[in-house]
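The values are calculated or read from the model by the stated rules, or taken from the named source; none is laboratory data. Predicted model only: the values in this text are computed from it and were never measured. Note that each Cβ is placed from the backbone with ideal geometry, even for glycine, and that neighbours are counted across all protein chains shown.
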Amino acid sequence: MNIFTISLMTTAVLSLSLGFLVYLRNRTGLINKTWFAVTISITVWAIGFIGVVMSNNAPAALRWQHVLDIGSVFIPATFFHFVAVLLERHKNVKKRYLLEYRAVYIVAVAICLLIFSPLFKGGMVPVFTFPYWINPGPLYFIYPLFFSVTTVYFLFLLAGAYRRSFGIKRGQIKYVMVAIVIGFGGGLTNFFPQLFKIYPFGQYFVAFYVLFITYAISRYRLMDIKTLIKRSSVFALLVVIIGALFVLLSNLATQILDGWLGLAIWWIEPLIVSVIIASIFQPLRNLLENITNRFLYAKVYNSSELISEINSVTSSLVNLNRLLTLVAKILGRAFGCPNISIALLDQKKNLDVFYHQGFSKKTLTDLVKNRSNIMADYFSKYKTDIKIIEELKVKHESGDYHPKNTELLYSLYDMDAALIAPLFVKNKLIGVMVLGNKKSGDSYTPEDLRVLDIITGQVAIAIDNAQLYEEQKNFSVKLQGEVKKATKELKTVNKELKRLDQSKSEFLSIASHQLRTPLTIIKGYTSMMMEGSFGKVPKKINTNIGKVFIATERLIGLVESLLNVSRIEQGRIEFDIRPVNLVEIVAPLIEGFESKAVSKKLKLSFSPEENIPKVLADPQKVQEVISNIIDNSVKYTEKGEIIVGMHLEGQSVVFTCQDTGIGVEPEDLPRLFEKFVRGKGMMQVYTEGTGLGMYFARMVVENMGGRIWAESPGKGKGSKFSFSLPLANKKEAKKV
C-alpha cells in the first residue's frame, strides 16, 4: 500500500466521519443533509479510486472506474446544492437557486448514464505508474467541462455573497471558499492524464478540504456541531496516544521482563501496562482538553472582580459615551467577545444604536431602524430575561418557538450576535445590550448569564443617570437666555425652595428627636395605666386609654416608616448582609400572625420546598419585609386563605404570599411599590395605611441584591406578592 492509496483512504474516512457527525447532529436540517450528500459523493469517489489503483486486471479496474466516475460527477452537483442552502438557508432554497441546482442534478444524471458508453471511455490503459487508467473517448470532455463550470459558478456565487455578508456568515463563506479552491482545484488535476499527460496529484489536496470545513464548523458554527467536533478531537487524540503508549510500554516491558530478568509470565506485561495507562488516563485527558481550550482562545475571568470593576465604572461616570465605551471594553475582555452593541430607547420608544464595537454600524442601524419596535415591544411587554440567539434559532427550527419576526432572528444570528440582554430601570425598559459570540466559539455558560444579569442592572441604572445628567446639561444650555431674564424670579423661588428644604429637614429632625421621645413616654404610661400600675382604673376609662395606646403605636410606626425611608434614600441605613435561612425567619412570623388570621376566620399556611438553601440578606430587615407582606394580606383579605411559600429558582430563593383578598387593578401593579401609593379600593378596607410599606420593602430587597413584584388577576380575585434574594452558595442552585 503506497502513499497514493493511503491518501485516498484518509480522504474517505475523514469525509464520511464528518458527514455522519453533521447528519446525526440534525437529521432534519437541510444544510446538514446536503453536506452529508457531499461527503457520500466524495467517499464513493475515493473508494472507486482505491479500487482502480489496486485492481489486478482491466475489467475489474473498469468496474471500479464506473464507481469513481459516479461519485466524482455528483461531487460538484451535491456541493452546488450545499452552497445554495448555505446562501439561502433560512428560506429553504425556495426562490433563487431552485431551478439552478435541479438543472445541475439533471446534467449529473445524464453524465452518469454516459459513462457506460464507449463514447465516454475507450477502456483502461497504463498511464505513468498506474497499470490501469481511463482512455478518454470523444465525449469525455463533457465531464471535466461540467466539473470546471460548476465549480467556477458556485465560487462566483460565494464570492458575491461574501461581499454582501457580515459576521458569522461571512466567516462561514470564507472557509467554504478556501475548501473549494483547495479540494476542487486538486480534483481538476485528475483530468490531466487523460487530457494533457500530466501526473494526477489532486487526491493529495482533496483531503485538505476536510480541515477547512472542520475549522469553519468549530470557529464559525457552520452546522452547529462545534462541541461534538471538539469532543471527538479530544477522544481521537486520546485513542492515538493511548494506543501508541500501549505498544511502546508493552515492548519495553517485554524487554525488561523477558530479556533482562528472564521472566516469561504472559499476563504480567499487560497487567503492568494497563495499570500505568489507567493512572495517566485522566491527567492526559485533562491536558488535551486544556490544550484544545487554549487553541480556541477560551478565557477565564473572576466573576466577583468583573462585577466589582463594572460597579466602579458605573458608579463614577456620568458621561454616557465614556461609560458605554468602558463597559464594552471590560465585557469584551472578560468574555472574549469582540462584538458588543448597546441600543437605547429614544423619546418615541424606538431603539437607537448608541454604541457599537465590532458590529457593522450600517448593519446595526438598518436592523434597529426597521425592527426596533418589535424588539422593544417584546422586552417591554414580557419583562423577560437575557435571550440567547442560537438557542432561539434551534428552537424555531425544531418547531418549539415561533418568533414574531423570523427575519430579525436570522439577521441577528448571521451578524454573529450571541445574546440580547434587556436593560431595565424600575421595571422600565431603557434599551438592550447585544453581545457577539466569543472568539473561542464556546457558548455563554449559566455563570456568564448570571453575571451579565447582575451587570446589566448596574449598567442600566448608570445609563439612566447619565441620560438624566445629559438632559439637565442640555436643558441648562437651552434655557440659559431665559435664566438671565428671570433672575429675580428664580432667586425668590430658590429662597423658597431653601426654606422648604430647611423645613423638611427640621421636620425630620423634630420627628427623630422630639416626636419619638414623647410618643414613647405616652405609650409607656398608657401601657402602665392599662396594667394597673397606678391603681385600678375604671373599665370605661381603661377602654379609652387602650384607644390612646393603639393610636400612639400607629403614630410611632408612621414616624419610623418615614425615618426608615429617609435613611434609605439618603444612603444612611446600614445593612448587615450575611447567609440567612429564610425558613427559620418565616416560621415564627407565621405563628405570630395566626391569631390575627383566626380572628378574621382566615386560613394561614406556610408550605416551603424542602432543603431551601441560605440566601444573602440582612435578617432583621428581611423579617420586616416579610412581616409587612403577610400583614397586608391579612388586612386586605376578608375571607378565604393566605398561602405563604418559598422555592428555589435558578440562582435565587423566591418568597411568595398569595391571598384571596381584594386584589389589585392591572393599572395599579406597576406603581404599587412607589412611595405613598395605595391600590384602588384599599382605603375602603383599611383606612390607616401610609403607602410606604411596599416602597420600603422594595428599597430593602433591591439593596440586598434581590427583586420584588406583585401579581393579581384583578379586583376581587386575590393577589400574590413575591420577592427573590440571591443564594449564599451558588453551587446549590438548580435548573428550572
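What to note about this one:
- Against the numbered list (1) under 24 Å from Ala58 (Cβ atoms); (2) buried (at least 19 other Cβ atoms within 10 Å of the Cβ), Gly122 comes up short only at (2).
- The residues listed here are Lys596, Lys614; of these, the one that is over 23 Å from Tyr695 (Cα atoms), of a type outside the set (S, T, N, Q) and surrounded by fewer than 17 Cβ atoms within 10 Å (Cβ to Cβ) is Lys596.
- Per the conditions (1) of a type outside the set (A, V, I, L, M, F, W, C); (2) crowded, with 19+ Cβ neighbours inside 10 Å; (3) modelled with pLDDT of 80 or more, the sole criterion not satisfied by Arg322 is (2).
- Criterion applied to Ile626, Ile585, Ile612 was being assigned to a loop (DSSP other than H, G, I, E, B) and in contact (Cβ under 8 Å) with a residue 40 or more places away in the chain, and the one residue passing it is Ile612.
- Condition check for Val644: touching a Cys at 6+ places or on another chain (Cβ under 6 Å), touching a residue at least 24 places away in the same chain (Cβ under 8 Å) and part of a strand (DSSP E or B): yes
- Filter pass, Ser117 being in the same structural domain as Gly183 (by TED's automatic domain parsing), closer than 12 Å to Ala77 by Cα and surrounded by fewer than 17 Cβ atoms within 10 Å (Cβ to Cβ): no
- Scanning the stretch 58-72 for residues that are out of contact with any helix residue (DSSP H, G or I) (no Cβ under 6 Å at 6 or more places or on another chain) and touching a residue at least 24 places away in the same chain (Cβ under 8 Å), we see that the one that is surrounded by the most Cβ atoms within 10 Å (Cβ to Cβ) is Asp69.
- Subset of the stretch 73-96 (residues that are at pLDDT 85 or above and either surrounded by fewer than 19 Cβ atoms within 10 Å (Cβ to Cβ) or of a type in the set (Gly, Ala, Ser) (or both)): Ala77
- Apart from one condition, Pro608 fits all of (1) modelled with pLDDT under 90; (2) buried (at least 18 other Cβ atoms within 10 Å of the Cβ); the exception is (1).
- When residues of the stretch 149-158 are limited to those that are under 18 Å from Ile106 (Cβ atoms) and not β-branched (Val, Ile, Thr), the one modelled with the highest pLDDT: Tyr153
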